[in-house]
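The values are calculated or read from the model by the stated rules, or taken from the named source; none is laboratory data. The structure displayed is predicted, hence computed values, not measured ones. Heads up, the Cβs are rebuilt from the backbone with ideal geometry, glycines too, and the neighbour counts pull from every protein chain shown. For the accessible areas, the whole protein counts, side chains as well, though only heavy atoms, and no ligand, DNA or RNA atoms are used. Shrake-Rupley method; radii C 1.70, N 1.55, O 1.52, S 1.80 Å.
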Amino acid sequence: MATLPDALDAEVARYPTKRLADSAQHLIHRYRTGVDPSSLVLDAEVTAAAYAAYRMPATHAAVTAALSEVADLRPDYEPRTMVDIGGGTGAAVWAATGVWPSLGELTVLDQSTQAMALGRRLAEHADNAAVRRVRWQRATINDLQLPPVDVATLSYVLSELTDRARADTVRAMATATLAVVIEPGTPAGYERIMAARDVLLAAGMHIVAPCPHSDGCPIPRGQDWCHFAARLGRSPLHQRLKTATLNFEDEKFSYVAATREPWPSAPGRVLRHPVKRKGLVSLRLCGPDGLNDTIVSKRDPAAYRAARDTSWGDSWP
Ligand SMILES: C[S@@+](CC[C@H](N)C(=O)[O-])C[C@H]1O[C@@H](n2cnc3c(N)ncnc32)[C@H](O)[C@@H]1O
């Protein structure tokens with residue numbers, strides 16, 4: 001039984017590194033130049049393997065970070081069922097079961113049989129029995145109708161859908177108790193998250209995280225974007241593929257989580273790395289009244305200690 005990096009080592013390392021690296025470069029080029037929504041990106045076994053080796057550890061880290069923020073706000077929430085739309089090789093089911101061990105019935109929907117075949121093989125290595133039992137269901141996201149589920153996730157998928165399919169898919173997620181959409185932490189990813197947020201609000205949900213309110217986003221459009229970072233270790237395979245010397249990386253992501261249920265919201269959200277100077281911590285915050293910069297001084301020892309322990313993306317106070 002294994003962690004995700006162990007499972008990737010077992011299932012993916014058998015491909016020659018050069019073949020995986022070439023495939024990963026081809027994938028990156030396709031993602032950077034924009035994916036044609038009518039095409040299948042993970043269309044071959046080696047392409048799915050390259051995606052899993054190169055990107056899955058990072059999407060897993062981003063989903064874990066987003067779901068952890070949601071779970072921290074309501075520690076008594078124990079979801080049982082989850083659907084991951086466009087789940088590919090299964091990063092989100094590994095992440096969600098790590099955050100909520102109560103999850104017992106999980107389904108991955110995806111159009112790529114190659115990605116799901118690898119996802120199933122990876123899942124066989126998981127410690128968590130629910131991951132080993134995941135239902136892998138081939139589906140093209142058109143007119144998606146979800147069964148009632150506790151958690152619906154959509155991670156790193158929106159850019160591969162048409163505008164119409166984006167809105168329809170996110171609207172379909174609003175039948176879940178908790179809907180969570182995660183995208184790359186780029187200006188374009190943030191714009192897609194903002195559009196998804198509008199759809200979830202229009203469907204009658206309210207925002208759980210990262211926003212401490214369900215009002216309009218106070219960040220001036222075009223000047224800045226709301227995003228966070230998740231640090232992940234790079235396995236030797238990951239390092240080889242990236243020809244990287246560092247044994248870690250920071251995955252930038254944007255996300256929105258919404259629900260219909262009562263859910264405590266964060267009083268404020270830390271939007272930048274806190275700036276720590278002698279006796280002072282400066283925090284860039286989003287709060288119910290909009291953006292503000294707060295300076296916490298040593299003269300308030302409890303607040304100062306808390307501010308020193310606070311990180312970008314945390315709720316505050
Ligand atoms: C970038 S990958 C993300 C995979 C996974 N969610 C993750 O976070 O690692 C995008 C996934 O969306 C799937 N996808 C894209 N368009 C789709 C569609 N119209 N219907 C079903 N799946 C789709 C792809 O097959 C691929 O597995």
Discussion item. Test of understanding: among Gly185, Gly233, which residue is in contact with a strand residue (DSSP E or B) (Cβ under 6 Å, 6 or more places away or on another chain) and either closer than 17 Å to Leu154 by Cβ or not assigned by TED's automatic domain parsing to the domain that holds Arg32 (or both)?
Written reply: Gly185
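Is one or more of the residues making up region 71-84 in contact with a His (Cβ under 7 Å, 6 or more places away or on another chain), of a type outside the set (Val, Ile, Thr) and open to solvent by 10 Å² or more (accessible area, probe 1.4 Å)? Walk me through it before giving the result.
Here is the first cut: in region 71-84, the residues in contact with a His (Cβ under 7 Å, 6 or more places away or on another chain) are none.
No, every residue in region 71-84 fails to be in contact with a His (Cβ under 7 Å, 6 or more places away or on another chain), of a type outside the set (Val, Ile, Thr) and open to solvent by 10 Å² or more (accessible area, probe 1.4 Å).
Of everything in region 259-315, what is assigned to a loop (DSSP other than H, G, I, E, B), open to solvent by less than 30 Å² (accessible area, probe 1.4 Å) and closer than 22 Å to His213 by Cβ? Give them in sequence order.
First, pick out the residues of region 259-315 that are assigned to a loop (DSSP other than H, G, I, E, B): 260-268, 271-274, 278-279, 288-289, 298-300, 310-314.
Adding the requirement that they be open to solvent by less than 30 Å² (accessible area, probe 1.4 Å) leaves 263, 266, 268, 271, 274, 279, 310, 313.
Trp263, Ala266, Gly268, Leu271, Pro274, Thr310, Gly313 - these are the residues of region 259-315 that are assigned to a loop (DSSP other than H, G, I, E, B), open to solvent by less than 30 Å² (accessible area, probe 1.4 Å) and closer than 22 Å to His213 by Cβ.
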Item to complete: Check whether at least one residue in region 62-69 is open to solvent by 30 Å² or more (accessible area, probe 1.4 Å), within 13 Å of the ligand (Cβ to nearest atom) and touching a helix residue (DSSP H, G or I) at 6+ places or on another chain (Cβ under 6 Å), and report yes or no.
Response: yes
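Within region 256-268, does at least one residue satisfy the condition of being over 24 Å from the mean Cα position of the chain (by Cα) and not hydrophobic (A, V, I, L, M, F, W, C)? Steps first, please.
From region 256-268, those over 24 Å from the mean Cα position of the chain (by Cα) are none; that's our starting set.
No, every residue in region 256-268 fails to be over 24 Å from the mean Cα position of the chain (by Cα) and not hydrophobic (A, V, I, L, M, F, W, C).
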Item to complete: Kindly indicate whether Gly233 is of a type outside the set (Phe, Trp, Tyr), open to solvent by less than 40 Å² (accessible area, probe 1.4 Å) and touching a residue at least 12 places away in the same chain (Cβ under 8 Å).
Response: no
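Just to check your reading of the model, which residue among Asp84, Asp76 is acidic (Asp, Glu) and within 13 Å of the ligand (Cβ to nearest atom)? It would help to see each step written out before you state the result.
Working: Asp76 fails: within 13 Å of the ligand (Cβ to nearest atom).
Answer to the selection: Asp84.
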Worksheet item: In region 131-155, what count of residues is obtained for those that are within 25 Å of Glu261 (Cα to Cα), surrounded by 13 or more Cβ atoms within 10 Å (Cβ to Cβ) and either within 14 Å of the ligand (Cβ to nearest atom) or aliphatic (A, V, I, L, M) (or both)?
Response: 8
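So, in region 157-191, exactly how many residues are among the small types (Gly, Ala, Ser) and buried (at least 20 other Cβ atoms within 10 Å of the Cβ)?
The initial filter retains those residues of region 157-191 that are among the small types (Gly, Ala, Ser), namely 159, 165, 167, 172, 174, 176, 179, 185, 188-189.
Filter once more, keeping what is buried (at least 20 other Cβ atoms within 10 Å of the Cβ): 172, 176, 179, 185, 189.
Selection size over region 157-191: 5.
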